[in-house]
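What follows is calculated from the coordinates using simple rules that are stated; it is not laboratory data. Quantities reported herein were computed from a predicted structural model and do not represent experimental measurements. Cβ sites come from the backbone with ideal geometry, for glycine too, and all protein chains shown count toward neighbours.
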Amino acid sequence: MESILLCDASQPNLVADLCRRYGFGVEMQAFANPEHEVGTPEAVAQHRDAYGDIQPRALHGPFADLSMGSSDRLIRKVTYDRFQYAHQRAVDLGAAFLVLHHGYVPGTNTYGGWLRRSVKLWERFFEETDVQVEIFLENLLEEDPDLLMDVVEAVDRRQVRLCLDVGHAHCHSRVPVTDWIRKAGHLIGYVHLHDNHGRSDDHLALGAGAMPLDEICSALEEYCPDAVWALEVGPDNTAHSVFWLDNRGYLRAMRQRNG
């Protein structure tokens, strides 16, 4: 992996201390819920002050009820506006990476219609926006990587790649997580890493669930070695997860790679 980030679960002051302790970057998640007062100058300043010189930084954008390829133009408009909001907050906070959900719900849109409308939305986004971050589209309910891959490849912008959430794939996909990685690895630039038992998206500490994480991490290193890994386990599970990674040599390999 290129680097490791901690997802902050909307707790910047607590997680900033953990980032400094371990030498990791951060994924800021409070801005995923625009109903909270996180868009205010005060909230932006709070995050900026908390994270100081911590790098690299990512921001997770809003995702609830958004649908970039919806057949309803009003829903696409809301999605577009929320994506713009997320991009601006990422720029305001010096984030290099922006994570946005792909948002496809199986059975609600035709494959071709979703693909066509998604590409048009992103064409408009790049026409109207000075894009200053790398954008990663994340899987949630997708049963396989095919449509998400097709969207990223059709958008055909170097700034748009895939975020593989391994827990989502383990819960909701028809194919093993390692198959996602083998098939889509050339497009994966960002990974949400956590564990579960396959029934619900529990965000457990690494090794606390039933996922074949040794196989998954080995595949990530083989097929997308430059990806950023973001631990999405919550502050209470961080120490256990860092130990899991360190015990398997991943932290040492990352530090050797980055000098």
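Assorted remarks:
- Global form of the stretch 191-237, assessed from the alpha-carbon gyration tensor, a/c cut-off 1.5: oblate
- Size descriptors for the chain, from the alpha-carbon set: Rg then Dmax equal 17.4, 49 Å.
- Label point at Ala96 placed 7 Å out along Cα→Cβ; residues across the stretch 147-171 whose backbone nitrogen lies under 20 Å: 157-165
- At R0 = 35 Å, FRET efficiency that the Cβ-Cβ distance of Asn13 and Tyr111 yields, to 0.05: 0.20
- Sparsely packed GluC sites (Glu not before Pro) within the stretch 1-54, loop by DSSP, other Cβ within 10 Å at most 10: Glu35, Glu37
- The stretch 8-29 and the stretch 171-225 have Cα centres separated by 22 Å.
- Charged side chains reduced to their Cβ positions (Lys and Arg at +1, Asp and Glu at -1) give the stretch 25-182 a dipole of some 340 debye around its Cα centre.
- Modelled spin-label separation between Thr129 and Asp72, with each label point placed 7 Å from Cα along the Cα-to-Cβ direction: 2.2 nm.
- Beta bridge orientation in the stretch 3-257: antiparallel %, DSSP, nearest 5: 5 percent
- Across Gly103, Gly167, Gly249, mean-square fluctuation computed from a Gaussian network of the chain (C-alpha pairs under 10 Å connected) peaks at Gly249.
- Spread over its residues, the convex hull of the C-alpha atoms of the stretch 126-258 is 119 Å³ per residue.
- Sparse-neighbourhood loop sites, trypsin sites (Lys or Arg not before Pro) in the stretch 141-173 - DSSP loop, at most 16 other Cβ within 10 angstrom: Arg157, Arg158
- For the pair Arg252 and Arg20, a Förster radius of 25 Å applied to the C-beta separation gives a FRET efficiency near 0.80, rounded to the nearest 0.05.
- Cβ crowding within 10 Å, taken as a proxy for footprinting-reagent exposure, orders Met254, Met1, Met28 from fewest neighbours to most as Met254, Met1, Met28.
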